Amino acid sequence: MAVKIVKAVRAMHRKADQMRRAGQRIALVPTMGDLHEGHLSLVRRARKVADRVVVSIFVNPLQFGPAEDFAAYPRDLARDLERLDPCGVHLAYLPEVKEIYPEDFATTVGVARLTEGLCGAHRPGHFEGVTTVVAKLFAAVKPHVAVFGQKDAQQTLVIQKMVRDLNLDVEILMAPTVREADGLAMSSRNAYLSPEERREAPSLYRALMLGKNMIAQGERRAPRVVAAMRDVIAPLCHAKIDYIEAVDAENLTPVAVLKNSVLLAVAVRFGKARLIDNAPVRVK
Ligand code: AMP
């Protein structure tokens, strides 16, 4: 069954209304395309919880800073559709930039506080771009449920907060991070890595696992854990650290003493690629 394509917002509304009238539960998986196993795992999760799965593919200019990789971001629609074909996706929603952001576009959606730390501190305006486009995708697709990745934990929490604060009637699910065999989290941006950078990149995962193990063995001082993680990444030739932090898993503020639910989070630049990863840790 070839995946049906919808481009116009009005056409998407009509399809969504048809599905809802037929009593079908709609799941949305928002993506920027260049689909990999991480994305497909979200699709599989969506299939389990809904009758109809819509995957959106939209490289959202609003979430890229002026010096970031919007123009270079990998785009291969034909390959993406081929990948979606065997996954039981009912509809690919491929809106156009000019319809999502017409010239007189003047409304944005912003979530305070949760967006201040971690990636928010390094990418001004990024999360406002994300919440604005996700609000628009929800308005177009009218999903009952939407699936996001743990890989972008801050983004998923920010969207959950937006949904609660705006009383949107969408359930947000978070699916686990899918990794390469050596631990590197799958990401479209891994394609930017040179062979040398690619060899160093799994150190993000190694640092997270080291931090997790220290906590499992009883370490409760966050600065000690963060310092040990830094010692894994800082010596690498190609790595430039944006942040390595231990934060409260709910409000994302840095913690000094590790307790309850903690998120270890890292962002490291390797040449053109800015890679992020995280590990949720339940502290006993
Ligand atoms: P992106 O296309 O990178 O904007 O990602 C679209 C969705 O896929 C987001 O919810 C991401 O968190 C999720 N995602 C990206 N990479 C992974 C991964 N390796 N494992 C699980 N989910 C992922």
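Some observations on this one:
- The reciprocal of the average 1/r between distinct C-alpha atoms defines the Kirkwood hydrodynamic radius, which for the chain equals 19.8 Å.
- Set Lys15/Lys161; Lys7/Lys136; Lys212/Lys284 screened for pairs whose C-alpha atoms are more than 22 Å apart: Lys15/Lys161
- Here is the P(r) of region 188-282: all C-alpha pair distances, binned every 10 Å from 0, give 18, 49, 26, 7 in whole percents.
- Among beta bridges identified by DSSP and lying wholly in the chain, the antiparallel ones come to about 55 percent.
- Highest mean first, the peptides 237-244, 151-158 sorted by other C-beta atoms within 10 Å per residue fall in the order 151-158, 237-244.
- Positive contributions from Lys and Arg (+1) and negative ones from Asp and Glu (-1), summed over other residues with Cβ under 12 Å from the Cβ of Phe138, come out at 0.
- Separation between Cα centres of region 199-219 and region 10-33, rounded to whole Å: 40 Å
- Ranked by the mean number of other Cβ atoms within 10 Å of their residues, highest first, the peptides 212-218, 226-232 fall in the order 226-232, 212-218.
- Secondary-structure-derived ellipticity at 222 nm for the chain, considering helices only, amounts to -11000 deg cm²/dmol, per-run term -39500 (n - 2.57) for DSSP H runs with n ≥ 4.
- In Å, descending, principal axis extents of the Cα set of region 26-81: 40, 22, 16
- Ordering of 31-43, 113-125 by burial proxy (mean other Cβ atoms within 10 Å per residue, highest first): 31-43, 113-125
- Rotationally averaged projected area of region 1-145 (alpha carbon convex hull; nm²): 9.4 nm²
FYI, it's all coordinate maths here, none of it is from the lab. Computed from a predicted model, the values in this text were never measured in an experiment. Don't worry about glycine lacking a Cβ; one is built from the backbone with ideal geometry, like all the others, and counts go over all protein chains shown.
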